[in-house]
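The values are calculated or read from the model by the stated rules, or taken from the named source; none is laboratory data. Owing to the predicted nature of the structure, the values given are computational and were not obtained by experimental measurement. Virtual Cβ from ideal backbone geometry, glycine too; neighbours counted across all protein chains shown.
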Ligand SMILES: NC(=O)c1ccc[n+]([C@@H]2O[C@H](COP(=O)([O-])OP(=O)(O)OC[C@H]3O[C@@H](n4cnc5c(N)ncnc54)[C@H](OP(=O)(O)O)[C@@H]3O)[C@@H](O)[C@H]2O)c1
């Protein structure tokens, strides 16, 4: 039998996760340009790539977390037309994290297409027109000007987010063709996330008491830990893999009940979930994904929202940390923030509103 000491030693040997061994990269080191790199997913990509021996250059305005990675080359510019620092340089790979305006992708892809081998564009699950298909795959239709009825002369920075991401993909593909890699993440979660959409749940569950839980627990959840996403992108670059991929998980799916109970497993709080019917919540004006983040009722256009078939992604090396690890690390990150930031979560329901809905739900059940 493995002793506790041996278990800990084995755990330490494989790195942060006891389940995903960290395999060293023995191939050719890549020169990687990251457009952005200093906010949420960027730092995870950069640290992982450095740990694996790659050479990194960052391009940004020097405003966000400018003190990160002091030893890394930093080029200053602006995606709004100030790309001079990129001219005349050669990289193996560019990772475009920062574009939500197709014009930004058009400019950087046009400039880099002859001096960079591969262009990674971080798109979004929001690029899909709907989630009616089960399972969802990367072939599902994405937004177009036609499908949205948006005037094509609309400036890129005024486009609806999903259309902007879909058009940005097209801009990358127009210049890089089969040398482009399009990644469509769902909700990105974990340490460094400042949107608090996932964070709401571990924090709420950690507070204990009766927690408003949406639906009957069977709605699906597919999300992605920022580190799983970032590390996979670096490994795709190492393997010279190209194509269009989704980035959500886990591949085997997870129900909302498993999601909430999985998070509760990392806290010591006394929590009881009170499952309130979807139609009741909608009638109370509760907005899925906004008031109760992560939750998307699996119906109509969203039937396939958390029903992605991830076989191609898993074959291409995407791995999934245990939810417990993401939840524990997110709580640790949250409690490392200043008290005023901890008290001002940017997503989810306020305590009083949750209490009101719980009381109304009890009343509707006659008690
Ligand atoms: N969060 C989610 O759940 C989610 C889900 C799906 C997809 N996505 C997509 O994932 C990506 C996440 O990006 P991230 O913020 O984590 O990436 P990041 O690379 O960590 O940070 C964004 C970078 O962009 C730079 N930047 C911002 N405006 C710029 C400008 N005008 N010119 C040059 N650089 C600029 C920022 O630095 P400076 O401020 O110093 O310039 C920062 O380094 C986004 O494309 C988002 O649409 C997010």
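Within the range 198-210, can you find the residues that are away from the ligand (no atom under 15 Å from the Cβ) and outside any loop (DSSP other than H, G, I, E, B)?
202, 203, 204, 205, 206, 207, 209, 210
Test of understanding: among 352, 340, 332, 325, which residue is crowded, with 18+ Cβ neighbours inside 10 Å and assigned to a helix (DSSP H, G or I)?
Step by step, each of 352, 340, 332, 325 is checked, and only 325 is crowded, with 18+ Cβ neighbours inside 10 Å and assigned to a helix (DSSP H, G or I).
Might you let me know whether the range 182-197 holds any residue that is in contact with a helix residue (DSSP H, G or I) (Cβ under 7 Å, 6 or more places away or on another chain), more than 14 Å from the ligand (Cβ to nearest atom), at pLDDT 95 or above and closer than 22 Å to residue 238 by Cβ?
Looking through the range 182-197, none of the residues is in contact with a helix residue (DSSP H, G or I) (Cβ under 7 Å, 6 or more places away or on another chain), more than 14 Å from the ligand (Cβ to nearest atom), at pLDDT 95 or above and closer than 22 Å to residue 238 by Cβ.
Can you go through 272, 235 and tell me which one is in contact (Cβ under 8 Å) with a residue 12 or more places away in the chain and in a strand (DSSP E or B)?
Residue meeting the stated conditions: 272.
May I ask you to list pairs of residues, at least six apart or on different chains, whose Cβ atoms are under 6 Å apart, with the first in the range 158-177 being within 12 Å of residue 122 (Cα to Cα) and touching a residue at least 40 places away in the same chain (Cβ under 8 Å) and the second being outside any helix (DSSP H, G or I) and away from the ligand (no atom under 13 Å from the Cβ)?
166/142; 166/143; 172/119; 172/180
Just to be sure I understand the filter: pairs with C-beta atoms under 7 Å, separated by 6 or more residues or on different chains, first member in the range 181-195 and farther than 21 Å from residue 244 by Cα and free of Cβ contacts under 8 Å to residues at least 12 places away in the same chain, second member near the ligand (Cβ under 7 Å from one of its atoms) and part of a loop (DSSP other than H, G, I, E, B). Which pairs pass?
Sorted first by the residue in the range 181-195, then by its partner, the list stays empty.
Report whether or not residue 162 is within 13 Å of the ligand (Cβ to nearest atom) and outside the structural domain of residue 268 (by TED's automatic domain parsing).
Yes; evaluated as a whole, the condition is true for this residue.
When the range 70-105 is examined, which residues are found to be assigned to a loop (DSSP other than H, G, I, E, B), more than 8 Å from the ligand (Cβ to nearest atom) and either surrounded by fewer than 19 Cβ atoms within 10 Å (Cβ to Cβ) or not assigned by TED's automatic domain parsing to the domain that holds residue 118 (or both)?
Across the range 70-105, the qualifying residues are 70, 71, 72, 81, 87, 88, 89, 90.
Restricting to the range 113-136, count the residues that are away from the ligand (no atom under 12 Å from the Cβ) and free of Cβ contacts under 8 Å to residues at least 60 places away in the same chain.
Qualifying residue count, the range 113-136: 3.
Can you confirm whether the range 234-241 contains a residue that is surrounded by fewer than 20 Cβ atoms within 10 Å (Cβ to Cβ), modelled with pLDDT of 95 or more and in contact with a strand residue (DSSP E or B) (Cβ under 8 Å, 6 or more places away or on another chain)?
Yes; the residues of the range 234-241 include at least one that is surrounded by fewer than 20 Cβ atoms within 10 Å (Cβ to Cβ), modelled with pLDDT of 95 or more and in contact with a strand residue (DSSP E or B) (Cβ under 8 Å, 6 or more places away or on another chain).
I'd like to verify a number: residues in the range 169-187 that are within 18 Å of residue 292 (Cβ to Cβ) and crowded, with 23+ Cβ neighbours inside 10 Å, how many?
The qualifying residues number 0.
Can you find, within the range 52-69, the residue that is farthest from residue 237 (Cα to Cα) among those that are assigned to a strand (DSSP E or B) and touching a strand residue (DSSP E or B) at 6+ places or on another chain (Cβ under 7 Å)?
Filtering the range 52-69 for residues that are assigned to a strand (DSSP E or B) and touching a strand residue (DSSP E or B) at 6+ places or on another chain (Cβ under 7 Å), the one farthest from residue 237 (Cα to Cα) comes out as 59.
Would you pick out the residues in the range 307-322 that are in contact with a helix residue (DSSP H, G or I) (Cβ under 9 Å, 6 or more places away or on another chain) and part of a loop (DSSP other than H, G, I, E, B)?
Result: 316, 317, 318, 319, 320, 321, 322.
With (1) loosely packed, with under 14 Cβ neighbours inside 10 Å; (2) at positive phi as the list, and residue 158 as the residue in question, which single condition is left unmet?
Exception for residue 158: condition (2).
For the range 284-296, name all the residues that are closer than 12 Å to residue 221 by Cβ and surrounded by fewer than 19 Cβ atoms within 10 Å (Cβ to Cβ).
Answer for the range 284-296, where residues must be closer than 12 Å to residue 221 by Cβ and surrounded by fewer than 19 Cβ atoms within 10 Å (Cβ to Cβ): just 289.
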